[in-house]
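Nothing in this text is a laboratory measurement; each read-out follows from the coordinates by a stated rule. This structure is a prediction, so every number in the text was calculated from the model and none was measured. Positions of Cβ are backbone-derived with ideal geometry, glycine not excepted, and every protein chain shown enters the neighbour counts.
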Amino acid sequence: MDIRKLKPVLSGKSLKNNVPFYLLYSLNNQIYTPYAFRSVEDSFLRNRSTFVWEKLWFWAQQISHKNITVETVIGMIYTGWQHFSGKDIYRYYFPALNNQLRQLDKKYPINTILLLQCIVRGLGQKDWYAETHAAFVAEFSQYDIELFIQIFAITSPQNHPGSNLIMAIEAYECFCDTNRSVQELDYFINIKNMLIELEGGYFEDKMSRRKVINHGKALSGDIQAVTVDSWILQACELGKLYLWKKTGKYYLKCRKCEYDLIEYYFESIAASSGYQPRQLTAMAWAGARLIKGRYKTASMAEIIKKWKGKNHV
């Protein structure tokens, strides 16, 4: 191994920029040789590059989890580096991302270590969107699934999957009952307004509803959709806290430039690793819920089964 070629792309900001692309390529394609770690370690220490090695080891230690050990992480980073011919990812493959990040990095830097931690911890939920759609089709065969998905997406803000399901079912039943209206539902005003618009057939595609719209697209089968909610913001350590006076609680608000940045970042990693953007979103979301909120994300099939058992359906 030529340490002179590896060292520049794993030093300083280049480490932060390149590691997600190298690691996730190897992780998705399950490419890792047992000798890769020893090869990297020997090369760094033999060339007395202890500072860069220690920095790389620290990154790997933060990202590692269970069977994905520190040694495996470093081996995967090296394997990814080989795949990309040792090139700096931003500069050679994603110049637009490079320019955008350079402009926003000082003000809105993505915490790539934390994001990778979340993605690795959420690996088991990679297909959450596809599996949730399948669960809806299987368990609610009498429903208009596309309408139900829209309602589910609209009732998702600041909600857990379980309570999201309950609210969506309640709202759907209002839609189907000619003697009822969604106006009678005791939901947050922004959710109620979206439901009223949907019921009236004039749902507006506003920038402020980008998360809701993308969430619905991902659930409907759009593999390119990136949903940025409060958990994804926490995974990236972005967003602005604001106080909602009605609840007295603080919530994370996503700036448009942050949504643009996260969306393009996820799309770029997906293009280079082979993951779908919505898979990366699902993994980061599930991992953030586990790390930041200590919430385990159950499958939608399990949530529906539990709801049916409780309500004797």
### Query
How far, in degrees from 0 to 90, does helix 277-293 lean away from the longest principal axis of the Cα atoms of the chain, to the nearest 10?
90 degrees
### Task
Report the normalised scattering of the chain as log10 I(q)/I(0) at q = 0.12, 0.13 Å⁻¹, calculated by the Debye formula with identical scatterers on the alpha carbons.
-0.84, -0.95
#### Entry: Distance in nm between pseudo-label sites at T247 and K66 (7 Å out along the Cβ direction from Cα)
3.0 nm
### Most positive-pole-ward Cα, P157, Y295, Y92, against dipole of the chain from beta carbon charges
Y92
### Summary
In degrees, nearest 10, the alpha-carbon axis of helix 70-83 is tilted away from the dominant principal axis of the alpha carbons of the chain by 80 degrees
#### Entry: FRET efficiency, N179 to M207 (Cβ-Cβ, R0 35 Å, nearest 0.05)
0.50
### Query
Which order results if Y90, Y295, Y129 are arranged by neighbouring Cβ count within 10 Å, fewest first?
Y295, Y90, Y129
### Task
Report the local net charge at G162: Lys and Arg +1, Asp and Glu -1, summed over other residues whose C-beta lies under 15 Å from its C-beta.
+3
### Message
Can you tell me the length gained on complete extension of the stretch K87 to Y295, counting 0.36 nm per residue apart and subtracting the Cα distance?
### Response
71.1 nm
### Message
Compute the angle between helix 95-104 and the longest alpha-carbon principal axis of the chain, please, reported from 0 to 90 degrees and rounded to the nearest 10.
### Response
80 degrees
### Query
Setting aside same-chain residues fewer than 8 positions from K256, which lysines have a Cα under 21 Å from its Cα?
K106, K107, K206, K211, K217, K240
## Note on the structure
Burial-style ranking of 118-124, 203-209, average other-beta-carbon count within 10 Å with highest first, yields 118-124, 203-209
### D (Stokes-Einstein, µm²/s), Kirkwood Cα radius, region 162-301, 1.306 mPa s at 10 °C
95 µm²/s
